[in-house]
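A short worksheet on the structure shown next.
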Amino acid sequence: MIAKLIKVRVKPELRQEFLDAIEVDALGSERDEPGCARFNVLKDGEDPNVYYFYEVYVDEAAVEAHRAAPHYAVWKAAAHTLDGPTERIECQSVFPADPSYWTGK
């Protein structure tokens, strides 16, 4: 499994536009992409303009499929809501080790 932790800072005046777009992407990813095992959006506990995405994909092909999905285009169109560059950490899952945990199969 490929796990991604993404940190973004949002322009305060565009926060709702950001939230609307990332909701479309997050829900669409889990609903419509067989290779997306998880897409969570988290808000920082201290800074209301900082958000984290926790994404898990079964393989690199699933990551590429995600980037080609219509809901991803909604997110990309809202890139102007960000206040600075994104920060990315890419990982591989260790535990739970059973792939069925992630895929539900």
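The values are calculated or read from the model by the stated rules, or taken from the named source; none is laboratory data. Model, not experiment: these values are computed from the prediction. For neighbour counting, all protein chains shown are included, and Cβ atoms are generated from backbone atoms with ideal geometry for every residue, glycine included.
Numbers below:
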| quantity | calculated |
| --- | --- |
| Where S93 falls short, out of the listed (1) touching a helix residue (DSSP H, G or I) at 6+ places or on another chain (Cβ under 8 Å); (2) polar (S, T, N, Q); (3) over 28 Å from P12 (Cα atoms); (4) loosely packed, with under 12 Cβ neighbours inside 10 Å | (4) |
| Residue list for the stretch 87-103, filter: in contact (Cβ under 8 Å) with a residue 24 or more places away in the chain and either part of a helix (DSSP H, G or I) or farther than 19 Å from D25 by Cβ (or both) | C91, Q92, S93, P99, W102, T103 |
| Residue, nearest to E17 (Cα to Cα), within the stretch 66-84, restricted to residues that are buried (at least 19 other Cβ atoms within 10 Å of the Cβ) and out of contact with any Leu (no Cβ under 9 Å at 6 or more places or on another chain) | W75 |
| Tally, over the stretch 23-60, of residues that are in contact (Cβ under 8 Å) with a residue 24 or more places away in the chain and assigned to a strand (DSSP E or B) | 11 |
| Subset of the stretch 9-22 (residues that are assigned to a helix (DSSP H, G or I) and either charged (D, E, K, R) or under 15 Å from the mean Cα position of the chain (by Cα) (or both)) | E13, R15, E17, F18, L19, D20, A21, I22 |
| Check on I6, surrounded by 15 or more Cβ atoms within 10 Å (Cβ to Cβ), part of a strand (DSSP E or B) and at pLDDT 95 or above | yes |
| Test result for H71, touching an Asp or Glu at 6+ places or on another chain (Cβ under 6 Å) and not in a strand (DSSP E or B) | yes |
| Residue tally, condition of a type in the set (D, E), surrounded by 15 or more Cβ atoms within 10 Å (Cβ to Cβ) and more than 15 Å from A69 (Cβ to Cβ), over the stretch 18-58 | 0 |
| Criterion violated by G84 - all others in (1) more than 16 Å from the chain's Cα centre (by Cα); (2) free of Cβ contacts under 8 Å to residues at least 12 places away in the same chain satisfied | (2) |
